[in-house]
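> Right, I'll just put the structure down here and ask away after.
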Amino acid sequence: MVNGATEESVLRLIPLLPLAAAAYHGVMLGLVRRPTPRTVTIAISCGAVLASFVASCVAFWSLIQHPNGSHLLVDNVFSWIGSGVGVHAFSADVAFLLDPLSSVMTLVITGVGSLIHIYSVAYMDDDQRDDKGFQRFFCYLNLFTFSMLILVLADNLVLMFLGWEGVGLCSFLLIGFWYSDEWNAYCGSKAFIVNRIGDFGFLLGLFLLFSSLVDVGKPAVEFQDIERNLALITEATLAVPEWLGGGEWLLVNVIALCFFVGAVGKSAQLPLYVWLPDAMAGPTPVSALIHAATMVTAGVYLVCRMGFLFAVAPFASMVVAWTGALTAVFAAVIAIAQTDIKKVLAYSTVSQLGYMFLAAGCGGYTAAVFHVASHAFFKALLFLGAGSVILALHHEQNLENMGGLWRRTPRTHVVFLIGVLTIAGFPGLSGFFSKDEILVAAFASEIPGHTWLYGIGLATSGLTAFYMFRLHFLTFYGESRASADIREHIDEPGKLIIYPLYVLAFFAIFFGYAGLPQVWGDLVFGVDNSNSLANFLMPTLAVVPHNQLDHTTEVWLAAAAITAGVVGFGFAWFFYMMRPQLPERIAAALRIPHQLLVRKFYVDEAYDLLFVRPLVAISDRVLFRVIDVAVIDGLAVGGIARLVRATGTNLLRHAQSGFAQTYIFFMIAGAVAIVWILLR
Amino acid sequence: MGPIEPFLLSFVTFFPLLAGVGLLLIAALASWIGTKGLPDSLWKSVGLASTLATFGVSVRLFVEFDATRTGFQFVEHLSWIPEYGVNYFVGIDGISLLMVMLTTFLVPIVFIASWDDIRESIPTFVFFMLFLETGMLGAFVSLNVFQFYLFFEVMLIPMYFIIGIWGGPRRIYAAVKFFLFTMFGSLFMLVAVLVTYLLHFEQFGALQFDLVSTTGESKALLDTVIPLSGQIVDGEPVVWWKTQTWLFAAFGLAFAIKVPMFPFHTWLPDAHVEAPTAGSVVLAGVLLKMGTYGFVRFAIPLFPVAALEFTPIILALSVVGILYGSLVAMVQTDIKRLVAYSSVAHLGFVMLGMFALNEQGLNGSVLQMVNHGVSTGALFLLVGMLYERRHTRLISDFGGIAKPMPVYAAFFGLVTLSSIGLPMLNGFVGEFLILMGGFLAHPPSAAVATFGVVLAAVYMLWMYRRVMFGPVTNPENRSLIDLGLREKLVMVAMAVPILWLGIYPNTFLLRIQPSVIELLHQVEVRTALTTLPSTEDVALLAAADTAADPAADPNREPQP
């Protein structure tokens, strides 16, 4: 066992190593004219993230060495913002907290992050002719890793917000990485701004929580202190203004909902999911790391981290569960009709994140975290696999121009198939276990309408199998639909691309056994306490009362999930392998619903029409041109000026007579008047 | 530095002006003996050197400032016109310390930044800048209200000329507008100052402009009881006249115009758009802070009850300013005008935090004054750099600038992020504390203001995207040259406070904190003093205070 000092200080290394790498790149890019050689860039970037992974492992190791009950390490680095004394005192430190939850997250972030850094070396080498651009990419990637690690390691809400905004920034920078393209730049800003709407909720929640804690004399922003003092405010209510219907709301519900707005923005849930599909404009490794494996799970992490709050806020939890369920099915439906390989995966991510919220809303925090981790592996695998396909086809992303790739890219085909099977819930793979846990949590929960939630989850699982196999069939099987000159040059990418995929495929298959549900531990493998992930996480996650299910029910639930998957697979097989002409004919027959799907229910267009355009128009035509220019500056200011001028030319001119006596008279009269008025 | 030790603050204040006057004298001497005067480069170098020296000495102030003490430090008090209570009285607390630092930091940067920008009448420009610096510093360190008023007005003169001489096409209009707006407000303030002065005389029988007393015994303006209700005329109170309310309104109007708060802001976009870069930076960076500083130093402590009375109005105007400023900024076509409107929004935050009247809000407010000075100053510097190259500021003339000017784009990005309050950069800390303070005092206003963080991202990023990203459509932009060494130096210098204030704001918060607590204490004490039940009690209290001086009977009849 490591001694106390180093044991905790290792925590700060985890985020600071990537930060140092990013800072190095930043200084070299900004202030040194000469480009840094690629090898140096690679060594520093990948080295930093790998070292961070090692540090995470060391931290994890010292965490599990701890005796039960003291499941955390705190590393207090310095006092960041300190303001006020007494009951209003506020202080936020740069302090890191490693508990089982953040430990799992750091391992996933640095582990998957390292693989994606390595993958990016090859991917971006192919893309960027320019050394500076290459370095810029890794600068952003390191900065992202830093922010994400701060987000999960922060011991207080304010520092977490730093990471929260930081990942949003890096997402913006990386989506718009090829900024010369108008569309990419647009997508980047869109992501940042939609995220900011979520951040608005996060901040409101934070302020509301803090001020309620001030009211009971316990101001704090640290998670542990909040948890300790939360009982003092669980009964508090908030008077609702008349125009909102009046009455009183439970304060914790309001706070939790505010935080959930933040989570909805970051994790791309209804109605703020619109940025994520567009985020696919970024380089594919970015889509894998940020927009699938890590950043977008931050919202789920927030809800789990604040589980103690959501656990006592039943209404908010119900909203979380329903939002998750509806998003899951909504995005899955849209994914069916998408033709861009990355867009399908993007909607699938939105849908899977919906699952995670469904679990968290039902109180299945362990299930949510389990799915966060397993999803990180299989979705990163799918995205990187898609990247490999895109590279093989020389930056072709349209499914309509793919097909038959399994011959030309056999290794990609195999790992991609593993990814598809995992997400579709093939028994024994990690996605099967984690999704099963979520459906069980929904089924067993006590929130109103939980059977509906379960039903939606189950249906989504069928849809997932359908659109994922559709994707797989269209990409790898059938006749190649690529243009002739591309067909000539389809090559499977090199080792740096493929090896990270192997590692991810390994975890996609076997990670599930870390969180093996007890039912399988008992029935199949004959081990006690098989769900080591849940046991590990249990002490830090909130517990919500739920119905106990017996093993028979759980087996039936699993059977239902498998059936849904098989049905989805069957339909996909029928439509895209047996009758490949059929989908087109159906699309032609059902033109309007099909268009609705292809155009993603016109949500983007509706937002544009309802919010963006009116806001710009009102700001320009009313606020600026009418109020500012015409009323304030023209009427008021200009009016006073004209009045003064008129008075001057018509009246006061006579006063300026040139007679000294008159002047003196008015001066004295004025002075007397003032003194009289003031002192009477 | 030995001999200047007791006059450190005066040295900081007057050294720029002295250098300017010295240069003038030498130039006059030189032309008298027949040479062509001093070369422009000498003017610029000496100007820069003297402002750098000023900054150096102010760093010493910062280091030697005792953050554990409340009250004013580095105090100097000299009789000037003692019969009328006009004294030379300077001193700084944590709040004015930061304002002084901001000023001395920005002026040398402005010198470096406009090294090649100003091409005409360089000696005049240098002189006015030095003059302006002394004017601003003088206002921040003044503890005598008369002296403050003097500096407050005097700095208009160099600023007027800086806009009027080196400005854009509509510079005269903008300069006059700027001048008239400020004069208009400050005349009200002058009357209010005189009334306060006379009230002090009524109560203590002495004429005094000092804000605080230098010794425990003597009385200063802050000891004056400012009555709430009107005076008694023939036994009947004058209903419409509420002394404290009207005095606060007069001070408030002067400062609100300077801030500028909605709806007194329309001089600002014009002044910014027409001013040369140097003018814009100083205007946004320092001059606007005169308004917010005036509230903190004078209006709130002198008239605390009225300040509370006005709080709903000021909060409403601040929140409107935040939302309105952001939305109007969003639709601007000229980058400088956009930044000007963003200032309206940012200063709305400053006012919101200030009128939360609690520690978080005030700490954040003071910090945000500095942050705004740095971020907006940096934005104007960047806009100026682009203007020097392309002689346009229209967003539509650009696009894809990040390609030819990557370093410029990077710095612009950093400053943009600081302006929209990204954590780890300066803007966040101030905004966060302001909103937190606001939430503790007036949750609904603060909640609405929080939406300002979304809008800030909208207008800044939209502008950034249209200027920096996309393809280079305008061929003139293709051959733009990236930042040179001088410009990089300027931007690196600006990046230092942006990062420092964001990562370790406690250096500054520690120094602000005692002054803020002192201010809140003053507000409490003076509120108690003025809200005593009846005028008789006020009279009794004042009489007890001035028992030694029988002439100071506050209830005496006006002299015929």
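> Chains A and B: buried accessible surface, both sides, probe 1.4 Å, rounded to 100 Å²?
5700
> Using 20 Å as the Cα-Cα cut-off, could you pick out the over-long pairs in B:LYS177/B:LYS258; B:LYS242/B:LYS289; A:LYS190/A:LYS266; A:LYS343/A:LYS379?
As for pairs spanning more than 20 Å Cα to Cα, those are B:LYS242/B:LYS289.
> For segment B:1-105, state which trypsin sites (Lys or Arg not before Pro) are in a DSSP loop and have at most 13 other beta carbons lying within 10 Å of their beta carbon.
Loop-located and lightly packed - B:LYS36, B:ARG69.
> Now for a separate question. List the trypsin sites (Lys or Arg not before Pro) in segment A:74-144 that DSSP assigns to loop (not H, G, I, E or B) and whose Cβ has at most 14 other Cβ atoms within 10 Å. Which are they?
Within segment A:74-144, the qualifying trypsin sites (Lys or Arg not before Pro) (loop, at most 14 other Cβ atoms within 10 Å) are A:ARG129.
> Further question on the same structure: Counting GluC sites (Glu not before Pro) as exposed when in a DSSP loop with at most 15 other beta carbons within 10 Å, what is the longest stretch of chain A free of them?
That would be A:1-234.
> For A:ASN531, what residues show an amide H to amide H distance below 5 Å, using hydrogens built from the backbone and excluding near sequence neighbours?
Those qualifying (amide H under 5 Å, at least 5 residues apart or on another chain) are A:GLN518.
> Are there any GluC sites (Glu not before Pro) in segment B:60-157 that are in a DSSP loop and have at most 14 other Cβ atoms within 10 Å? List them by number.
Within segment B:60-157, the qualifying GluC sites (Glu not before Pro) (loop, at most 14 other Cβ atoms within 10 Å) are B:GLU120.
> With a Förster radius of 22 Å, plug the Cβ-Cβ distance of A:PHE315 and A:VAL216 into 1/(1 + (r/R0)^6) and report the FRET value to the nearest 0.05. Working shown, then result.
On the way: r = 21 Å, r/R0 = 0.98.
Working from the Cβ atoms, E equals 0.55.
> Keeping all protein chains in place, calculate the accessible area per residue for the protein assembly as shown (probe 1.4 angstrom), answer in Å².
Numbers: 45330 Å² over 1240 residues.
Computed with neighbouring chains in place, this is 37 Å² per residue.
> Right, here's the next one. For chain A, what Kirkwood radius comes out of the mean inverse Cα-Cα distance, in Å?
Taking the inverse mean of 1/r over all distinct Cα pairs, chain A comes out at 27.3 Å.
> On a C-alpha basis, how far is the centre of segment B:239-313 from the centre of segment A:577-618 in Å? Whole number, if you could?
Centre-to-centre distance over Cα atoms comes out at 52 Å.
> A further question follows. Enumerate the aspartates and glutamates that A:LYS435 could reach by cross-link, defined here as Cα to Cα under 14 Å, with residues fewer than 8 away along the same chain left out.
A:GLU554
> For A:HIS551 and A:THR451, compute 0.36 nm times the residue count separating them, minus their Cα-Cα distance, and round to one decimal in nm. Write out the running numbers ahead of the final one.
Working: separation 100, 0.36 × 100 = 36.00 nm, distance 1.82 nm.
So the chain would gain 34.2 nm between A:HIS551 and A:THR451.
> While we're looking at this one, here's another question. What angle, in degrees between 0 and 90 and rounded to the nearest 10, separates the Cα long axis of helix A:182-215 from the longest principal axis of the Cα atoms of chain A?
Result, in degrees: 70.
> Treating only the Cβ atoms of Lys and Arg (+1) and Asp and Glu (-1) as charged, compute the dipole magnitude of chain B about its Cα centre; round to the nearest 20 debye.
So the magnitude is around 2440 debye.
> Turning to a different aspect of this structure: Compute the Cα gyration tensor for segment A:406-519, then decide on rounded, prolate or oblate, letting a ≥ b ≥ c be the square roots of its eigenvalues: rounded whenever a/c is under 1.5, prolate when a/b is larger than b/c in the other cases, and oblate in all that remain. Spell out each step's value before the answer.
Details: a/c = 4.24, a/b = 1.91, b/c = 2.22.
Taking the square roots of the gyration eigenvalues as a ≥ b ≥ c, segment A:406-519 is oblate.
> How much FRET efficiency would the formula 1/(1 + (r/R0)^6) give for B:GLU83 and B:ILE481, where r is the Cβ-Cβ distance and R0 is 56 Å, rounded to 0.05?
On the way: r = 62 Å, r/R0 = 1.11.
With R0 = 56 Å, the Cβ-Cβ based efficiency is 0.35.
> Can you tell me the 0 to 90 degree angle between the C-alpha axis of helix B:506-530 and the longest principal axis of chain B, rounded to 10?
With both axes taken from Cα atoms, the answer is about 30 degrees.
> Okay, moving on. Compute the acute angle (0 to 90°) between the alpha-carbon long axis of helix B:171-204 and the principal axis of greatest extent of the alpha-carbon atoms of chain B; round to the nearest 10°.
Between helix and principal axis, roughly 20 degrees.
> What's the local net charge at B:ILE226, with K and R +1, D and E -1, over the other residues with C-beta under 13 Å away?
-1
> Go through B:THR292, B:PHE398, B:VAL339 and say which Cα lies farthest out towards the positive end of the charge dipole of the protein assembly as shown; charges sit on Cβ, +1 for Lys and Arg, -1 for Asp and Glu.
Going by the Cα projections, it comes out as B:PHE398.
> Calculate the mean, over all residues of peptide A:215-222, of how many other protein chain Cβ atoms lie within 10 angstrom of the residue's Cβ.
Mean partner-chain Cβ count within 10 Å for A:215-222: 1.
> Taking just the C-alpha trace of the protein assembly as shown, give me its Rg and Dmax in Å.
My reading of the Cα-based Rg and Dmax gives 33.6, 115 Å.
> Right, something else. Have a look at A:HIS25, A:PRO100, A:MET160 and report the one farthest towards the positive end of the charge dipole of segment A:1-160, computed about the Cα centre with Cβ charges (Lys/Arg +1, Asp/Glu -1).
Of the options given, the answer is A:HIS25.
> In terms of modelled amide H atoms, which long-range or inter-chain residues lie less than 5 Å from the amide H of A:ASN76?
Close amide H contacts, sequence-distant or interchain: A:PHE96.
> Under a straight-distance cross-link criterion of Cα-Cα below 22 Å, which lysines are reachable from A:LYS132, leaving out those fewer than 8 residues away in the same chain?
The reachable lysines, counting only those whose Cα sits under 22 Å from A:LYS132, are B:LYS403, B:LYS488.
> Oh, and also: Would you mind classifying segment B:290-338 by shape? Square roots of the alpha carbon gyration tensor eigenvalues, ordered a ≥ b ≥ c; an a/c under 1.5 is rounded, otherwise it is prolate if a/b is larger than b/c and oblate if not. It would help to have the intermediate numbers written out before the result.
Values: a/c = 7.08, a/b = 2.14, b/c = 3.31.
Note, shape of segment B:290-338 comes out oblate.
> Which whole-number percentage describes the relative contact order of chain B, with Cα contacts under 8 Å and a sequence gap of 6 or more?
Contact order relative to length: 15 percent.
> Rank these residues by their accessible area, most exposed first, probe 1.4 Å: A:TRP275, B:TRP166, A:TRP452. Could the numbers behind the result be given before it?
Details: A:TRP275 0, B:TRP166 30, A:TRP452 180 Å².
Most to least solvent-accessible, the answer reads A:TRP452, B:TRP166, A:TRP275.
> Given H placed on each backbone N at 1.01 Å, which residues far from A:ARG599 in sequence or on other chains put an amide H within less than 5 Å of it?
Here the answer is none, since no amide H 5 or more places off falls under 5 Å of that of A:ARG599.
> R0 = 56 Å: FRET efficiency of B:SER31 with B:ARG69, Cβ-based, nearest 0.05?
That pair, B:SER31 with B:ARG69, gives E of 0.65.
> If I ignore ligands, DNA and RNA and count only protein heavy atoms, how much of A:CYS57 is accessible to a 1.4 Å probe, in Å² to the nearest 10?
Answer for A:CYS57: close to 50 Å² accessible.
> Okay, next question. Which whole-number percentage describes the relative contact order of chain A, with Cα contacts under 8 Å and a sequence gap of 6 or more?
11
> State the answer as a single residue: which of A:TRP573, A:VAL503, A:HIS594 lies farthest towards the positive end of the charge dipole of segment A:481-595, with beta carbon charges of +1 for Lys and Arg and -1 for Asp and Glu, about the Cα centre.
The residue sitting farthest along the positive end of the dipole is A:HIS594.
> Please average, across the residues of A:170-180, the number of beta carbons from any other chain that are within 10 Å of each residue's own beta carbon, and give a whole number.
3
> Shape verdict for segment A:454-582, please, from the Cα gyration tensor: rounded (a/c under 1.5), prolate (a/b greater than b/c) or oblate.
Oblate.
> Per the helix-only calculation at 222 nm, which mean residue ellipticity applies to the protein assembly as shown, given -39500 (n - 2.57) for every DSSP H run of n ≥ 4 and division by its residues, nearest 500 deg cm²/dmol?
So the helix-based figure for the protein assembly as shown works out to -22000 deg cm²/dmol.
> Over all residues in A:76-89, what is the mean tally of Cβ atoms on other chains that come within 10 Å of each residue's Cβ?
Mean number of neighbouring Cβ atoms from other chains: 6.
The values are calculated or read from the model by the stated rules, or taken from the named source; none is laboratory data. Treat the numbers as computed from the prediction; the structure is a model and nothing was measured. With ideal geometry, Cβ positions are generated from the backbone for all residues, glycine too; neighbour counts draw on all protein chains shown. These accessible areas exclude ligands, DNA and RNA; they are computed on the full protein's heavy atoms, side chains included. Shrake-Rupley method; radii C 1.70, N 1.55, O 1.52, S 1.80 Å.
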